[in-house]
Amino acid sequence: MKNYVIIGGSSGIGAAITQQLSASAHQVYASYYTHEQTNEGHIQYFHLNVMDSELSLDFLPEQIDGLVYCPGSILLKPFLRISPADFIRDYELQVLGAVKVIQQILPRLKKSPQASIVLFSTVAVQTGFTFHSVVASSKGAIEGLTRSLAAELAPSVRVNCIAPSITDTPLAGNLINTPEKKEVNAKRHPLQKIGTPNDLASMACFLLSDASGWITGQVFPVDGGMSSLKV
Ligand SMILES: NC(=O)c1ccc[n+]([C@@H]2O[C@H](COP(=O)([O-])OP(=O)(O)OC[C@H]3O[C@@H](n4cnc5c(N)ncnc54)[C@H](OP(=O)(O)O)[C@@H]3O)[C@@H](O)[C@H]2O)c1
C-alpha cells in the first residue's frame, strides 16, 4: 500500500485516478475545491484552493509516494480578446498552483523509495489550434517544468506529464454538451472517439507505479492519435 496525493480528485480525470488507486488498495488523499466529497474506503478528501497564497498540507503523512496535479482550464478565445490578466490568472492556476503544491510536498516525496509526480499538459502544446493561446502557453510551461524538475529531482523523484486531447469531463462540458458536438469532436481523432477519464487515469496510475520506474522527464500524448497521425 502506498500513499498518493491527488490535487483535484473530485472531478473528471482526477476522480478517476482517485478511484483506480483506491481500488488497488492504496491510501489516497484527494482534494476538492467546489464539489465537496465524503471520505470513502481508502480515500480521504480535503478542501484546497490552489489559488490561495499559503497552502497548508501539514496533515498529510510523512511519506508520500506519488502526487498528481489536475486543476486546469480550457479558456478558448480569439487572441485579441484575451487580456494579459487572463494569461496571468491561467498561469496561476495551472503552473504556480503546481509549483506551490510540489514545493510543499517534496520533502515527503523524498522519503519514498520510488516517488513519482504526474502533471497534465494538453495536445494543444504539440499541435497548434486556433483560440488555444492561453491554455497552450500555460501547459507549455508545465511541459518545461516537467523536464527541468525531472532533471533536478533525479534520481529520487520521477516527474512525467500526460498530454490529453478532449476528454469527457466537466471541464470540456461546453465542447461536448450535445450529441452532435460529441460526434464532431470524436471524428477529429484517428481513433474516432473522445477520451474517457479512465483512459487518462490508467496512464497516470502507470506513471505513479513502480512499473514505470525507469521513466522520467517525459510528456506522453494520450489523445486518440490526434498529435501524430493524419488518417
Ligand atoms: N478534459 C479535457 O478535455 C482535457 C484536455 C486536455 C487537458 N486536460 C487537462 O487534464 C487535467 C484534468 O482535467 P479534467 O478535465 O479532469 O478537469 P475537471 O473535471 O474540471 O477537474 C478539475 C479538478 O481540479 C479541481 N480544481 C479546480 N480549480 C481548483 C482550484 N482553484 N484549487 C484546487 N482545485 C481546483 C476541481 O475541483 P472541484 O471540482 O471540486 O471544484 C476538480 O477536482 C487538467 O489539467 C486539464 O487542463 C483536460
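Some notes on this structure:
- Assigned charges on the beta-carbon of Lys, Arg, Asp, Glu; the range 56-107 dipole about Cα centre (debye): 380 debye
- Gain on full extension, evaluated as 0.36 nm per residue between Arg81 and Phe206 minus their Cα-Cα distance, stands at 41.1 nm.
- Between Lys110 and Ala186, the contour length at 0.36 nm per residue exceeds the alpha carbon distance by 23.3 nm.
- Beta bridges assigned by DSSP with both partners in the chain are antiparallel in approximately 5 percent of cases.
- Within the chain, the proportion of C-alpha pairs whose separation exceeds 28 Å stands at 27%.
- For a straight C-alpha distance cut-off of 19 angstrom, the lysines reachable from Lys182 (same-chain residues fewer than eight places away being disregarded) are Lys193.
Read-outs throughout are calculated quantities, based only on the coordinates presented, and are distinct from any laboratory measurement. Note that this is a predicted model, so its numbers are computed, not measured. Note: ideal-geometry Cβ built from the backbone for every residue, glycine included; neighbour counts use all protein chains shown.
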